[in-house]
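Notes follow once the structure below has been shown.
Here, each number is a calculation from the coordinates, and none is a lab measurement. Note that the coordinates shown come from a computational prediction; the quantities given were computed from them, not determined experimentally. In this analysis, Cβ positions are derived from the backbone assuming ideal geometry, glycine residues included, and neighbour counts consider all displayed protein chains.
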Amino acid sequence: MPVELATIVTPDYAHDCYVWKGTLYIAGLSDGVLIYDIQNKTKPKFLKQILYPDPFTHTTWVTDDGKFLL
């Protein structure tokens, strides 16, 4: 059975999530992209919010080499 380790409260709505090497990327629709360090799964650490004009971030992921967020 899954066990809840932590809760992340987003400004509005987390439409989609992607985890890559201990980093959580949340597609927040009108909130852009929210990025968290989740290496310590019981204490997620907010890193950054990426906003742009008229955001509608439906989904997001990083390239295989980790250099680009798409």
Which one is surrounded by the most Cβ atoms within 10 Å (Cβ to Cβ), of the residues in the stretch 1-44 that are acidic (Asp, Glu) and more than 10 Å from the chain's Cα centre (by Cα)? 31
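Right, residue 36: in contact with a strand residue (DSSP E or B) (Cβ under 7 Å, 6 or more places away or on another chain), under 25 Å from residue 2 (Cα atoms) and not in a strand (DSSP E or B) or not? Spell out how you get there, then give the answer.
Numbers: in contact with a strand residue (DSSP E or B) (Cβ under 7 Å, 6 or more places away or on another chain): yes; under 25 Å from residue 2 (Cα atoms): yes; not in a strand (DSSP E or B): no.
Spelling it out, it is not the case that residue 36 is in contact with a strand residue (DSSP E or B) (Cβ under 7 Å, 6 or more places away or on another chain), under 25 Å from residue 2 (Cα atoms) and not in a strand (DSSP E or B).
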